[in-house]
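Remarks on the structure that follows.
The values are calculated or read from the model by the stated rules, or taken from the named source; none is laboratory data. All figures in this text were calculated on a predicted structure; none of them were measured in a lab. So basically every Cβ, Gly included, is an ideal-geometry build from the backbone, and we count neighbours across all protein chains shown. Just the protein is used for accessible areas: all its heavy atoms, side chains included, with ligands, DNA and RNA removed. Shrake-Rupley method; radii C 1.70, N 1.55, O 1.52, S 1.80 Å.
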Amino acid sequence: MFGIPGKAPITMTPAATRQIARLMERDGRAGLRIGLKKGGCAGMEYTMDYVDEADPNDEVVEQDGARVLIAPMAQMFLFGTEIDYETGLLESGFRFNNPNVSEACGCGESIKFDPLDKAAG
């Protein structure tokens with residue numbers, strides 16, 4: 001994992017940990033795997049899947065009964081991300097507060113990152 005020793009690669013708000021733990025328990029799942037895939041108008045989209053077991057290359061973050069597994073190819077893009085769960089009048093869902101995102105589309109469903117060579121420089 002791309003990280004700082006002693007610091008969790010991602011954090012979760014209390015609302016997110018409650019929702020993830022509740023869904024894990026309800027469905028008997030081992031955790032929530034988050035990742036990225038190509039798609040959307042900005043170029044990348046988050047993926048979320050409940051899984052029965054961790055992949056050996058997943059980065060595992062556990063907090064207050066919630067377990068999040070970060071897919072290997074997404075680890076460097078998700079470092080420093082805060083996962084929140086918001087409940088609204090018309091919709092509810094997880095929100096990613098990711099400091100690595102350089103652009104997001106208007107609907108908030110897809111994101112873009114700076115090229116690695118630009119981000120390193």
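What number of residues within segment 49-73 satisfy the criterion of being part of a strand (DSSP E or B) and not hydrophobic (A, V, I, L, M, F, W, C)?
Within segment 49-73, the subset part of a strand (DSSP E or B) is 49-51, 59-63, 66-70.
Those still in the list that are not hydrophobic (A, V, I, L, M, F, W, C) too: 49-50, 59, 62-63, 67.
Number satisfying all stated conditions: 6.
Search segment 23-47 for residues being outside any helix (DSSP H, G or I) and open to solvent by 70 Å² or more (accessible area, probe 1.4 Å), and hand back the single one that is modelled with the lowest pLDDT.
Within segment 23-47, the first condition is being outside any helix (DSSP H, G or I), and the residues that meet it are 28-47.
Of the ones still in play, those that are also open to solvent by 70 Å² or more (accessible area, probe 1.4 Å) are 29, 37-38, 41.
On the way: 29: 93, 37: 89, 38: 85, 41: 71.
Selected residue: 41.
Do you know which residues across segment 8-33 are without any contact (Cβ under 8 Å) to a residue 60 or more places away in the chain and in contact with a helix residue (DSSP H, G or I) (Cβ under 8 Å, 6 or more places away or on another chain)? Hits for segment 8-33 are 29, 30, 31, 32.
For segment 74-113, give me every one of the strands (runs of 3 or more DSSP E) that falls completely inside it and has 1 or more residues that are at pLDDT 90 or above.
Numbers: elements: 81-87, 92-97, 101-104, 111-113.
The qualifying strands (runs of 3 or more DSSP E) are 81-87, 92-97.
Got at least one residue in segment 51-71 being open to solvent by 40 Å² or more (accessible area, probe 1.4 Å), within 16 Å of the chain's Cα centre (by Cα), within 20 Å of residue 113 (Cβ to Cβ) and among the basic types (Lys, Arg)? Looking through segment 51-71, none of the residues is open to solvent by 40 Å² or more (accessible area, probe 1.4 Å), within 16 Å of the chain's Cα centre (by Cα), within 20 Å of residue 113 (Cβ to Cβ) and among the basic types (Lys, Arg).
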